[in-house]
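S.K.: This is the structure I want to talk about, given as structure tokens.
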Amino acid sequence: MDKFFLPLMNDNIDKEDVNSVIEFLSQDKIPKLTNGPKVIEFEKSWGEWLGTKYNLFVNSGASANELTMLAIAHLIGEGEIIVPPLTWISDISSVLFAGHKLVFVDVNFTNLSFDIDKLKSAINENTKAIFLTHVLGINGLTDELLEICEEKNILLIEDVCESHGTTYQGCKVGNFGFASNFSFYFAHHMSTIEGGMISTNNWEFYQICRALRSHGMTREMTSDSMKISIAMDNPDLNPDFIFLRPAHNFRSTEINAVIGLSQLKKLDDKNQERRENFDIFISNLDPEKYHVSLNTEGNCNYAFIVILKDADFTKRNEVERKLRNNGIEFRRGLSGGGNQMRQPFFKSIYNDFSNFPNIEHIHNFSWYIGNYPGLEKEKILKLLEVLNG
Ligand SMILES: Cc1ncc(COP(=O)(O)O)c(C=O)c1O
């Protein structure tokens, strides 16, 4: 029994998924279990679901972030990457690990993505990419953002780790950027226990990512012409062991891919349930007390988003006390716990947040609460009663 009346999450993996693994492992000849045909099958099915041409299964969403930033450094060099302070830590560490420079831009209360005016003034000739996070199932794209990327020739990278199935103008997010990253961590919309995906329509980027997923080994590329050209540039090396640049092993396994294939079949139905729950929640939340101005069109959410209107610590503590007393699990600060610029390793760099009022408000006065398939309507109503009261 869960100690919470309303827990933050319900494990996505069910008996059917476990049975698919048992069946896979029960073959007479035990299949090879590292990255193999099931991984390829999962990548193909994922591409059909999302609509992207090239898809690469990795062992976490954080790995997808890191590979993407490394591949960008490899393709167009190191430079400035614009990130929101409202995101997961891997969106920051991936930028730093790849040798880029972080540029933080505040978020807005309409879609929890960038404050567009501040974004415009942060762009300069060193800007390589805008690394957008679709926060907790809310679409972070606008036409203006897409136009800026196109006009200025800046790569858009979408972090969709919290937003599988969210749409913008009827199309799934993850289709708009140069690349998009997904997580299959157990609490997300679908799970492979641990896992992630990089999706793109760019062949060259995909090839670089293939190599970087496996230590940087060029033999992992599927483009013969790229492999041959690299081998010709390095005649002193055995073509089986050419490492493009120092990299990690981010591969997953056949077992995780089997779970992914089983989970993917159920994703749309489960997402529909999450959307219906979220609609009940947001349309009944008291607009006098909470920000309800979020643009929720196309949302696909695994969490209820609660943002207190007043910057009032007494009220905040009261909300948290009531949630706790009613057995409702919560996390303060939305994605990643609020303002990432406040983390210990940044203390000597960032200490003036006057240009970041929105993330500062979110840091102190917001929460997310679990929204999962199978969540009873009575529990949503009880949650609303607690919050609105
Ligand atoms: C926005 C975002 N990006 C990246 C990640 C990293 O995903 P993973 O936990 O699979 O490494 C998360 C994780 O929750 C996330 O919320």
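The values are calculated or read from the model by the stated rules, or taken from the named source; none is laboratory data. All values reported here derive from a predicted model rather than from experimental measurement. So basically every Cβ, Gly included, is an ideal-geometry build from the backbone, and we count neighbours across all protein chains shown.
S.K.: Could you figure out which of (1) in a helix (DSSP H, G or I); (2) closer than 28 Å to Glu376 by Cα; (3) within 16 Å of the ligand (Cβ to nearest atom) isn't true of Ile13?
M.R.: Against the list (1) in a helix (DSSP H, G or I); (2) closer than 28 Å to Glu376 by Cα; (3) within 16 Å of the ligand (Cβ to nearest atom), Ile13 comes up short only on (1).
S.K.: If I filter the stretch 152-185 down to residues being part of a strand (DSSP E or B) and without any contact (Cβ under 8 Å) to a residue 40 or more places away in the chain, which single residue comes out as farthest from Gly51 (Cα to Cα)?
M.R.: Within the stretch 152-185, the match that is farthest from Gly51 (Cα to Cα) is Leu156.
S.K.: Can you name the residue in the stretch 155-192 that is within 10 Å of the ligand (Cβ to nearest atom), surrounded by fewer than 24 Cβ atoms within 10 Å (Cβ to Cβ) and not polar (S, T, N, Q) and is also nearest to Thr296 (Cα to Cα) among such residues?
M.R.: His188
S.K.: Where the second residue is surrounded by 24 or more Cβ atoms within 10 Å (Cβ to Cβ) and of a type outside the set (Asp, Glu) and the first is without any contact (Cβ under 8 Å) to a residue 60 or more places away in the chain and lies in the stretch 298-315, which pairs have Cβ atoms under 6 Å and are six or more apart or on separate chains?
M.R.: none
S.K.: What number goes with the only condition from (1) buried (at least 20 other Cβ atoms within 10 Å of the Cβ); (2) aliphatic (A, V, I, L, M); (3) under 24 Å from Asp115 (Cβ atoms) that Ile349 does not pass?
M.R.: The failed condition is (1).
S.K.: Okay, next question. Scan the stretch 246-266 residue by residue and report those that are part of a helix (DSSP H, G or I), buried (at least 17 other Cβ atoms within 10 Å of the Cβ) and out of contact with any Pro (no Cβ under 8 Å at 6 or more places or on another chain).
M.R.: Keep residues of the stretch 246-266 that are part of a helix (DSSP H, G or I), which gives 254-266.
Restricting the remaining residues to those that are buried (at least 17 other Cβ atoms within 10 Å of the Cβ) gives 254-264.
Answer for the stretch 246-266, where residues must be part of a helix (DSSP H, G or I), buried (at least 17 other Cβ atoms within 10 Å of the Cβ) and out of contact with any Pro (no Cβ under 8 Å at 6 or more places or on another chain): Ile255, Asn256, Ala257, Val258, Ile259, Gly260, Leu261, Ser262, Gln263, Leu264.
S.K.: Would you check which residues across the stretch 16-35 are in a helix (DSSP H, G or I), without any contact (Cβ under 8 Å) to a residue 60 or more places away in the chain and among the β-branched types (Val, Ile, Thr) and list them? Steps first, answer last, please.
M.R.: Here is the first cut: in the stretch 16-35, the ones in a helix (DSSP H, G or I) are 16-25.
With the extra rule that they be without any contact (Cβ under 8 Å) to a residue 60 or more places away in the chain, the set shrinks to 18-19, 22-23.
Selection gives Val18, Ile22.
S.K.: With the checklist (1) away from the ligand (no atom under 12 Å from the Cβ); (2) surrounded by fewer than 24 Cβ atoms within 10 Å (Cβ to Cβ); (3) part of a loop (DSSP other than H, G, I, E, B) in hand, flag the one item Trp88 doesn't pass.
M.R.: Result: Trp88 passes all but (1).
S.K.: Suppose we filter the stretch 92-110 for residues that are surrounded by fewer than 21 Cβ atoms within 10 Å (Cβ to Cβ) and part of a helix (DSSP H, G or I); how many remain?
M.R.: Total satisfying the criteria: 3.
S.K.: Still on this model: List the pairs whose first member sits in the stretch 63-78 and is within 15 Å of Arg251 (Cβ to Cβ) and among the acidic types (Asp, Glu), whose second member is part of a helix (DSSP H, G or I) and within 11 Å of the ligand (Cβ to nearest atom), and whose Cβ atoms are under 6 Å apart, counting only residues at least 6 apart or on separate chains?
M.R.: Qualifying pairs under 6 Å: Glu66/Ser94.
S.K.: Determine whether the stretch 54-67 contains at least one residue that is modelled with pLDDT of 95 or more, over 13 Å from the mean Cα position of the chain (by Cα), surrounded by fewer than 22 Cβ atoms within 10 Å (Cβ to Cβ) and more than 10 Å from the ligand (Cβ to nearest atom).
M.R.: Among the residues of the stretch 54-67, at least one is modelled with pLDDT of 95 or more, over 13 Å from the mean Cα position of the chain (by Cα), surrounded by fewer than 22 Cβ atoms within 10 Å (Cβ to Cβ) and more than 10 Å from the ligand (Cβ to nearest atom), which makes the answer yes.
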